[in-house]
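Read-outs: derived from the displayed coordinates by stated rules, not from any lab. Note that the structure is predicted; figures quoted are calculated from it, not measured. Cβ: placed from backbone, ideal geometry, glycine included. Neighbour counts: every protein chain shown.
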Amino acid sequence: MGRRKRNLKKLSSASQKIGENKISEELNSDEKEETKQKEENSFILEDTIDVYQRVRLPLVHSMYDRSPDDSDEEEDIVVLNFSPRFVFVSNLCLICMERSEEACESCGLVSYCSIQHKKQGWPKHRELCKVLTEVCTNGGGFSFLPDLTADDYRIYRLKLIEIVEHRLGRLLDPWEKEILLYPRICCSCRYFSKTLRYCPACGIELFCENHDDKHEEWCRDFQVFRRVLFMQHRNGNVDPEIPDTFQTTPLYLPNNFDLLMTQLYSRSTYYCNMDCYTYCSLSHISTIPLTTLYSMQISCQDWKTIDTFVIHVIGAEFQFECINLHVWEKFFLHLLPNLKHLRLMFIGPELRLPAVPLDLLTAVKICSACKSINRRVNVSFYPEKFYHNFCHSKQFIKPHLICLFNPGLYRETGFEGKDTWPETIKEFCKIKVPVCVTSYTKHEIPREMTRIKSIIDVETILEPERNPFASIKPDRNFVSDDTVPLIYKNYYLAIIRGKS
Ligand SMILES: [Zn+2]
Ligand SMILES: [Zn+2]
Ligand SMILES: [Zn+2]
Ligand SMILES: [Zn+2]
Ligand SMILES: [Zn+2]
């Protein structure tokens with residue numbers, strides 16, 4: 001921990017230097033002076049740059065020219081482009097996502113950066129504003145908030161959505177629901193007022209007269225959150241260049257994402273200049289293969305030499321686990337030189353494939369070096385299927401490793417009203433191979449372990465620990481927002497194996 005802090009201090013000036021020209025308007029003159037002085041020795045040699053140090057950097061440009069790649073003949077590779085939806089944050093402008101200065105005078109629940117944007121937003125906001133004002137603001141719907149327990153507060157917000165939808169005569173869009181799920185109230189006592197102050201550092205969390213600071217623990221994460229949303233709103237999705245290195249001996253992962261990236265990118269300009277949004281996106285699309293590789297290295301003795309590796313991903317969700325499949329080649333085939341064939345099988349009742357020909361969805365672009373020696377990544381999907389049913393089907397192939405990413409096994413609400421986890425848990429433990437389980441928070445992972453152990457006897461290969469390859473892209477949390485306001489995919493990791 002000591003080392004990490006030291007790096008942080010040393011590097012805050014270095015990382016500012018990196019993007020100096022483009023962000024100079026954001027630095028004050030003292031900082032500029034300091035940066036100049038350090039110009040000589042600020043180049044990063046051994047240190048890592050974490051996401052917090054990238055918050056002020058402008059959008060990075062691609063490492064390569066996207067001109068025709070002579071090594072690749074034209075292939076039918078489908079590029080699935082899901083443009084990100086608008087995300088509502090109570091203190092960010094409804095039009096441009098800049099920090100707000102003006103709350104809506106009527107409902108007090110949405111805000112704008114300027115009078116100009118307020119005017120511009122009004123025609124679209126009018127209809128919803130009327131209902132929000134009736135239900136929440138004038139109707140007193142928000143006056144009870146401070147007295148509710150955390151659970152009741154969650155139920156209450158869901159109820160408010162229903163009421164608003166009913167009065168409006170239509171369903172709310174996801175971002176409109178967020179107005180009620182994450183409302184513009186004091187984050188400390190839930191007091192609602194049109195005159196709340198925001199945290200000057202992150203610009204997100206709001207405070208009433210009686211509360212301030214108190215959120216030091218989360219402020220830096222909120223700064224990243226705000227920056228990511230802002231850049232996403234401006235630029236749409238970004239497509240980070242995945243570091244591409246061919247290892248001659250199998251690479252044992254360091255247990256630190258920043259360090260691994262520093263190694264793999266060899267501190268290229270692209271890597272050093274990478275802004276926080278691109279960096280978050282990089283970690284978000286890498287967390288699945290890297291968490292898997294990390295688990296493989298912990299739990300499979302022959303990880304260095306094995307030539308065929310089969311992975312089952314249970315409870316997969318298409319938009320998270322099943323896109324960006326090209327990343328697996330870079331992190332498995334290129335880091336493990338003895339691996340010839342990687343087989344990925346995605347199974348889950350909630351796995352729904354987009355209406356695109358299957359051969360396009362499963363096609364993984366492979367580099368010519370891998371192709372020439374017949375190395376491949378083979379992908380198959382088993383949509384709308386329970387794992388316990390899949391296990392008894394003809395398509396079943398015994399895996400070397402099973403993965404469940406953020407599954408929420410402990411929840412007994414189940415799928416379509418039926419709790420089917422016990423059957424699935426029994427089945428994946430019976431195979432007696434390592435099973436990697438992750439969770440969004442530190443509090444969830446012990447509950448996941450308890451659930452598994454309540455069904456079947458298992459041995460623990462890795463006690464729950466902070467996953468070094470968790471996503472660093474923050475999301476708001478609703479399910480346990482009283483303890484953790486922001487969550488990260490694959491935040492905690494544990495590995496178990498069914499006992500014979
Ligand atoms: Zn604005
Ligand atoms: Zn309004
Ligand atoms: Zn308060
Ligand atoms: Zn803050
Ligand atoms: Zn390759």
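Data for the structure
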{"read-out": "Beta bridge orientation in the chain: antiparallel %, DSSP, nearest 5", "value": "45"}
{"read-out": "Karplus-derived 3J(HN,Hα), 6.51/-1.76/1.60, for each residue of region 240-253, Hz, glycine and proline x", "value": "x, 6, 7, x, 10, 10, 8, 8, 8, 10, x, 8, 7, 5"}
{"read-out": "Local net charge near ILE456, Cβ-Cβ under 9 Å (Lys/Arg +1, Asp/Glu -1)", "value": "+3"}
{"read-out": "Simple label model, 7 Å out from Cα along Cβ direction - ARG376 to LYS194, nm", "value": "6.5"}
{"read-out": "Ratio Rg/Rh [Cα only; Rh per Kirkwood] for region 158-262", "value": "1.15"}
{"read-out": "Global geometry of the chain, whether rounded, prolate or oblate, following the gyration tensor of its Cα atoms and the 1.5 cut on a/c", "value": "oblate"}
{"read-out": "Inter-label distance for LYS398 and LYS385, nm, one decimal - labels placed 7 Å from Cα along Cα-to-Cβ", "value": "1.9"}
{"read-out": "Low-density loop positions, GluC sites (Glu not before Pro), region 202-271 - DSSP coil, at most 12 other Cβ in 10 Å", "value": "GLU209"}
{"read-out": "In order through region 420-430: 3J(HN,Hα) via Karplus (6.51 cos²θ - 1.76 cosθ + 1.60), integer Hz, x for Gly, Pro", "value": "9, 4, x, 5, 5, 4, 4, 5, 6, 7, 4"}
{"read-out": "Within region 438-454, backbone nitrogen closer than 16 Å to the virtual label 7 Å beyond the Cα of GLU217 toward Cβ", "value": "441-444"}
{"read-out": "Simple label model, 7 Å out from Cα along Cβ direction - ARG352 to THR149, nm", "value": "3.4"}
